[in-house]
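What follows is calculated from the coordinates using simple rules that are stated; it is not laboratory data. The model shown is predicted, which means the values in this text are computed figures rather than measured ones. We place every Cβ from the backbone using ideal geometry, glycine too, and count neighbours over all the protein chains shown.
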Amino acid sequence: MSKRSPDKKLWIGIAISLFFLFLLFRKIDFHKLLNAFGEMDYRYLLPAVFFTFVSYFFRAVRWKYLLLPLKKTRLKNLFPATIIGYMANNLLPARLGEFVRAYVLGEKEGLGTSAVFATLVVDRLFDGFTVLLILLVTFFTVKLPSGMEHVQEGLVVGGYVTLAIYIAIIIFLITLKKRTLRTINLIAILLKPFPLKVSERVIPLLGSFIEGLRLSSRPADLIALLFTSIVIWIFAIWPVDLLLRAFGIFLPITASMFIMVFLVFAVMVPASPGYVGTYHAACVYGLMAFNIQKEKALSIALIIHGVSFFPVILMGIYCLWKDKFSLSEIRDSENTNIPF
């Protein structure tokens, strides 16, 4: 296998991350930053990490329901695959962890990677609409200090943009499912300006992809999908609230929801692996909307990122070792075209 040239998108992401890190650390008082860490109550760390993993567990449960039209999969395979995928998202650029997650489960359950990956697209759509619900609740309940009205306006614009993107994705997926042949022919026409090998790879991939675009028709399964989507985000937001309390900041839970919306937008921005810089900036500026001092906000951002970053990497490495996988093996497999 030939050595891959450096990915331009990776370098662009690194440049964006460095830019945001420069903005964050410019004119920072490091003495105040260290004092903020010194004042932290570290007893909140363990429950924050625990609730983060509870959120991942319910992601695995939701995925089980999304996969029902393909196969009745086992949680003992779903949870490690989920952890490995999120570990890879933290270490690899361009959210390649989604492909890793699909490959690992496909190997463990005897399913095609493309069909499994299609269920993750639906998985992300459920996430998207749950976040939109959080955004809507935040609009009507969060109370920002006076002078922060422009932040609220920015959230409204971001919400509309996100809603438009998700509506476009849903229209495409419904069209692809209902008018498969016509949609694939249209995509083939759009791909004509590109090299033939692009069309030869994309068109068969779409055929396999459609297999995964199915949901169980049983009402109980659909209710489970909605319920787990809400639970996932409850346990994703709760650690933010706990870590704010660790720094002596006691705000309504809607403040943590507000910060989480910022973080969701941040991970959409191209950045280095692990969303370094963009994630921290979103957290800092979200906290500063509540008149929290920049140094304290940055210390909180570093801890929140650390809680979501390092434990899942360690657990992911353990799952890779336990299941006898490696990222290089996944990259070189004939069953996947992961570009790393």
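General observations
- Between Val121, Phe309, Leu45, the Cα set farthest toward the positive side of the dipole of the chain (charges on each charged residue's Cβ, about the Cα centre) is that of Val121.
- Within straight-line cross-link reach of Lys71, lysines at Cα separation under 19 Å, skipping those fewer than 8 residues along the same chain: Lys108
- Calculated [θ] (222 nm, deg cm²/dmol) that DSSP helices of n ≥ 4 give over the chain, each run adding -39,500 (n - 2.57): -25000 deg cm²/dmol
- Evaluated at q = 0.12, 0.15, 0.16 Å⁻¹, the base-10 log of the normalised Debye intensity for the range 52-173, with identical point scatterers placed on the Cα atoms, takes the values -0.55, -0.78, -0.85.
- The simple spin-label model puts a point 7 Å past each Cα toward its Cβ; for Val121 and Phe227 those points are separated by 2.9 nm.
- Computed about its Cα centre, the charge dipole of the chain is approximately 780 debye, with only Lys, Arg, Asp and Glu carrying charge at their Cβ.
- Where labels lie 7 Å past Cα in the beta-carbon direction, separation of Asp41 and Asp29 in nm: 2.5 nm
- Largest-first principal axis extents, alpha carbons of the range 22-96, Å: 56, 31, 14
- In a fully extended conformation the segment linking Leu181 and Leu205 would gain 7.3 nm over its present Cα-Cα distance, using 0.36 nm per residue.
- What the phi angles of the range 313-327 give under the Karplus curve with 6.51, -1.76 and 1.60, with θ = phi - 60°, is a coupling list of 5, 4, 5, x, 4, 4, 5, 4, 5, 5, 8, 6, 10, 8, 5 Hz, glycine and proline written as x.
- Efficiency of FRET between Lys322 and Leu215 - r from beta-carbon atoms, R0 41 angstrom, step 0.05: 0.85
- Taking label points 7 Å from Cα along the Cα-to-Cβ direction, Leu10 and Leu136 give a separation of 4.1 nm.
- Cα centroid of the range 142-172 to Cα centroid of the range 223-240, whole Å: 20 Å
- Rg over Rh, two decimals, the range 160-259 (C-alpha only, Kirkwood Rh): 1.18
- The shape of the chain can be summarised by an equivalent ellipsoid whose semi-axes, obtained from the alpha carbon gyration tensor, come to 35, 22, 22 Å from longest to shortest.
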